[in-house]
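Worksheet for the structure shown next.
The values are calculated or read from the model by the stated rules, or taken from the named source; none is laboratory data. Computed from a predicted structure; not experimentally measured. Please note: Cβ atoms are built from the backbone with ideal geometry, for glycine as well, and neighbour counts cover all protein chains shown. Remember, those area values only see protein heavy atoms, side chains included, never the ligands or the DNA or RNA. Shrake-Rupley method; radii C 1.70, N 1.55, O 1.52, S 1.80 Å.
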Amino acid sequence: NDPEATVEQPPVLLPNKPHHPRLDSRLSEMVEQIGSQGALSIAGSAPISVGDLVAVTIRVSHDLPNAVEFLESVGAIVANVGADYIEAYSPVTALVPLSERDGVLKVSTILPPQSTVTSQGTTVNRSPIWNARGYTGTGIKVGVIDTGFNGYSALMGSELPSAVLARCYLLIGWFLSDPLFCAGDEHGTAVAEAIVDIAPDVTLYIANPISKGDLQSTAAWMVSEGVQVINMSLKWLWDGPGDGTSPYTDSPLHTVDSAVQGGSVWVKSAGNDADGDNWFGAYSDADADGWLAFTSSWDYNPIHLSAGSSITVGLRWDDDWGSASSDLDLYLYSQVLSAFWVLLEVGNDVQDGGAGQDPYETVTYSVLSTGWYYLVVKHTAGVAPEWFQLDVWSGQDLSVTRNRADALQIRG
């Protein structure tokens, strides 16, 4: 069970690049299964699906109405439409012709947001002192955006206010106003309880957006309702270089900007991924084999996973968003008898400078057996980037990390 016992390097033979470069790796793998599996089974392997339809974001450079018309003609459900994107549930069989339409830059799988840690903060914030002096939140509207509000209704009138305004998303782009339908996990309920503990007389608004388009719509709704404070203890997958910018109008970064410009204060969880589940550092490949080095002897980063869990990992690097030309790929391996590498998942989108290509890869995997797994990054083409960043979005700890001083850390 010791990752240091693994000394063999990753295999040289790797899967080919996707045949359809405008589809991400996950969707490309799905369309390869057409004919050998039924559409219902294929779509069911996606992170979000409805029947035989899979949830996707379509990046569009022009002629957006034409793309919408095509989606509707093939039986897709169009959920959200923005200035440069469409969120939809698309038939698996329509993915390739969709990606080949004029104006379509990229078709990508939608992954829902991930909740982050919530703690009870009344004592730390010394809110009882403020409450005793009359500061209880009267007349203040607070919005809570989260992954789920399971059990919320049962606490209304006791630990939570007896009334709430809700947007409960059952599908991307489709919601109900009854808090009973804001199910999912209990994270949002816990956040709402913490807020009410600190300011017991606030008016609460709650929502559980599934996609970035849903988030954009939710924030606009809260601002229009006069919500003064919006709390979001969530993280979303990267859509920019990490400097606070993004080329995409549906980016949560732009959503926050719009809400603040509309008069709301946005409160966001931060710092939870600074250590154990994150690696950031300079490009290093001393033996010039293409495998990026995490230590002087490891061209991989071991991670211990438990059966029944799910892992999602993101990789980004120093390049231009929207026209990346440095090509890095991300692989998740296991090993048999500490010698034979088994490839489980791959993120190997095409990055050759074409429009719509981002310096970003992601893999997701449902863990079947407890043990050590290995994340590997390979530079396959283009100029070597200055840096790359690996983040285990689902929260498991990497064996090799870097702290804020950029000093290498190896976890035992």
Next on the checklist: Being surrounded by 20 or more Cβ atoms within 10 Å (Cβ to Cβ) and in a helix (DSSP H, G or I) is the filter here; which residues of the stretch 129-168 pass it?
Outcome noted: 152
Next on the checklist: I need a count of the residues in the stretch 78-105 that are open to solvent by less than 10 Å² (accessible area, probe 1.4 Å) and more than 19 Å from residue 61 (Cβ to Cβ).
Outcome noted: 3
Next on the checklist: I'd like the residue in the stretch 229-265 that is surrounded by 20 or more Cβ atoms within 10 Å (Cβ to Cβ) and acidic (Asp, Glu) and, out of all such residues, is farthest from residue 195 (Cα to Cα).
Outcome noted: 239
Next on the checklist: Just checking, does the stretch 2-22 include any residue being assigned to a strand (DSSP E or B) and not hydroxyl-bearing (Ser, Thr, Tyr)?
Outcome noted: no
Checklist entry - Out of the residues in the stretch 238-297 that are of a type outside the set (Gly, Ala, Ser) and touching a Ser or Thr at 6+ places or on another chain (Cβ under 7 Å), which is farthest from residue 383 (Cα to Cα)? => result 272
Next on the checklist: If I go through the stretch 65-77 residue by residue, how many of them are touching a strand residue (DSSP E or B) at 6+ places or on another chain (Cβ under 7 Å), surrounded by 14 or more Cβ atoms within 10 Å (Cβ to Cβ) and not in a loop (DSSP other than H, G, I, E, B)?
Outcome noted: 4
Checklist entry - Since residue 226 meets every condition but one in (1) at pLDDT below 95; (2) surrounded by fewer than 16 Cβ atoms within 10 Å (Cβ to Cβ); (3) not in a helix (DSSP H, G or I), which condition does it not meet? => result (1)
Checklist entry - Within the stretch 187-197, which residues are open to solvent by 20 Å² or more (accessible area, probe 1.4 Å) and either in contact with a Phe, Trp or Tyr (Cβ under 7 Å, 6 or more places away or on another chain) or at pLDDT 90 or above (or both)? => result 187, 190, 193, 195
Next on the checklist: I'm trying to understand the selection: among the residues of the stretch 169-186, which are more than 23 Å from the chain's Cα centre (by Cα) and in a loop (DSSP other than H, G, I, E, B)?
Outcome noted: 177, 178
Checklist entry - Just checking, which of 325, 284, 334, 297 is at pLDDT below 95, out of contact with any Cys (no Cβ under 9 Å at 6 or more places or on another chain), under 20 Å from residue 25 (Cα atoms) and small (Gly, Ala, Ser)? => result 334
Checklist entry - Out of curiosity, is residue 206 buried (at least 20 other Cβ atoms within 10 Å of the Cβ) and within 20 Å of the chain's Cα centre (by Cα)? => result no
Item to check | So residue 312, is it under 28 Å from residue 182 (Cβ atoms), free of Cβ contacts under 8 Å to residues at least 60 places away in the same chain and touching a Leu at 6+ places or on another chain (Cβ under 8 Å) | outcome: no
Checklist entry - Quick check: is even one residue across the stretch 384-394 hydroxyl-bearing (Ser, Thr, Tyr) and in contact with a Lys or Arg (Cβ under 9 Å, 6 or more places away or on another chain)? => result no
Checklist outcome for this item: Of all strands (runs of 3 or more DSSP E) fully inside the stretch 319-399, the set with 2 or more residues that are loosely packed, with under 15 Cβ neighbours inside 10 Å is 340-347, 371-381
Checklist entry - Given the conditions (1) over 26 Å from residue 54 (Cα atoms); (2) in contact (Cβ under 8 Å) with a residue 12 or more places away in the chain, which single one is not true for residue 175? => result (1)
Checklist entry - In the list 262, 240, which residue meets the criterion of being under 21 Å from residue 59 (Cβ atoms) and not hydroxyl-bearing (Ser, Thr, Tyr)? => result 240
Item to check | Meets criteria (among the hydroxyl-bearing types (Ser, Thr, Tyr), more than 18 Å from residue 108 (Cβ to Cβ) and open to solvent by 40 Å² or more (accessible area, probe 1.4 Å)) for residue 218 | outcome: no
Item to check | Scan of the stretch 274-318 for residues that are aliphatic (A, V, I, L, M), open to solvent by less than 30 Å² (accessible area, probe 1.4 Å) and under 14 Å from residue 373 (Cβ atoms), ordered by number | outcome: 303, 305, 311, 313
Next on the checklist: Checking residue 38 against (1) under 27 Å from residue 354 (Cβ atoms); (2) at pLDDT 90 or above: exactly one of these is not met. Which one?
Outcome noted: (1)
